[in-house]
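Written out below as structure tokens is the structure these notes cover.
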Amino acid sequence: MEKRKDKNKFFVNISNKETILDFVDRKLSENASIRELMKDETIRFSSPRDYLYFKFCPGYFGMCPNSKKEKDSMCNAANCWEKRFSSVFPDGFDNDYIFFYNLVKDTITPSICYSCGSSNVELEWQDEGYLAKIGLINFADIAYIKCNSCKKRYMSHADNFAIEFIVKLFLAKPSKHSPIKPGKTVVLPKDKVGLEIFIKHLNKVNDIKEVFKKLDPFSVASHLGELDLSLAVSDFLCDYYGIEFSTEEDLLTDEDFEKDFDDIDIKDLFDDFEDK
């Protein structure tokens, strides 16, 4: 097994036998929010996968195979978890706002309204395409808690903490080497617990070059109009939790390997290849 720190870690199992549980487990493999919930349990689970299987159902992540909005007495979470992902979602599943909704709502603060004390609150992502402008930097994917009683709206603590840090860093340390440029969009990860852990770690790093490197571990920000901190947080949490991943090659069986190469005719690789 080797650590994989590439931004394409969420590949679909090439054997096409991946279950919904496989997909969710893989997608949350570096997610600190699910691990934070695990810590609150009296039962000690050996892995996030076991925790998902026994405590949740796919519907919690907006992936109910039966298109239900809420779990009812007829539901059998085990059966739903074990359904093949490709049979339920033949075109894939990429709605992260739905996927992370309950998980973020259950782990961010505030969880109650500061103004009226009501617990009747809901999570609200900033509207797609809308950017919260602070200074010269844009921020995307901020999570807010909205009170349904008094209609007050609060930014999540983790997002507020991260934005304050990034703005201070931008204003105090302007540099051509900084991945945070004027007019750039900083995309905040949906793993808000992971974001807070990451920013707290950066607060303790004295070497500014190391901070820049950790903010953009794949050096892609200079080529794009945005800096996606999901990549940086994911990379950091991989080391933080000591997570290891198998490569795509590890998923290939000997039969798959032989089949793939049996089907290749070297003549197909060259336009000017001729039999002699």
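Only one of the numbered conditions (1) assigned to a loop (DSSP other than H, G, I, E, B); (2) in contact with a strand residue (DSSP E or B) (Cβ under 9 Å, 6 or more places away or on another chain) is not met by residue 104, and that is (1). The single condition among (1) open to solvent by 20 Å² or more (accessible area, probe 1.4 Å); (2) over 18 Å from the mean Cα position of the chain (by Cα) that residue 197 does not meet is (2).
Is it fair to say residue 5 is open to solvent by 90 Å² or more (accessible area, probe 1.4 Å), modelled with pLDDT under 95 and not in a helix (DSSP H, G or I)?
Numbers: open to solvent by 90 Å² or more (accessible area, probe 1.4 Å): no; modelled with pLDDT under 95: yes; not in a helix (DSSP H, G or I): yes.
For residue 5, the condition - open to solvent by 90 Å² or more (accessible area, probe 1.4 Å), modelled with pLDDT under 95 and not in a helix (DSSP H, G or I) - is not met.
Summed over segment 55-71, residues that are in contact with an Asp or Glu (Cβ under 9 Å, 6 or more places away or on another chain) and open to solvent by 70 Å² or more (accessible area, probe 1.4 Å) total 1.
Only one of the listed residues (86, 33, 29) is at pLDDT 90 or above and in contact with a Ser or Thr (Cβ under 7 Å, 6 or more places away or on another chain). That residue is 33. A single entry from 38, 74 fulfils the requirement of being more than 19 Å from residue 238 (Cβ to Cβ) and either aliphatic (A, V, I, L, M) or open to solvent by less than 90 Å² (accessible area, probe 1.4 Å) (or both): 74.
The values are calculated or read from the model by the stated rules, or taken from the named source; none is laboratory data. The shown structure was predicted, so the numbers you read here are calculated from the model rather than taken from an experiment. No Cβ is skipped: glycine too gets one built from the backbone with ideal geometry, and neighbour counts run over all protein chains shown. These accessible areas exclude ligands, DNA and RNA; they are computed on the full protein's heavy atoms, side chains included. Shrake-Rupley method; radii C 1.70, N 1.55, O 1.52, S 1.80 Å.
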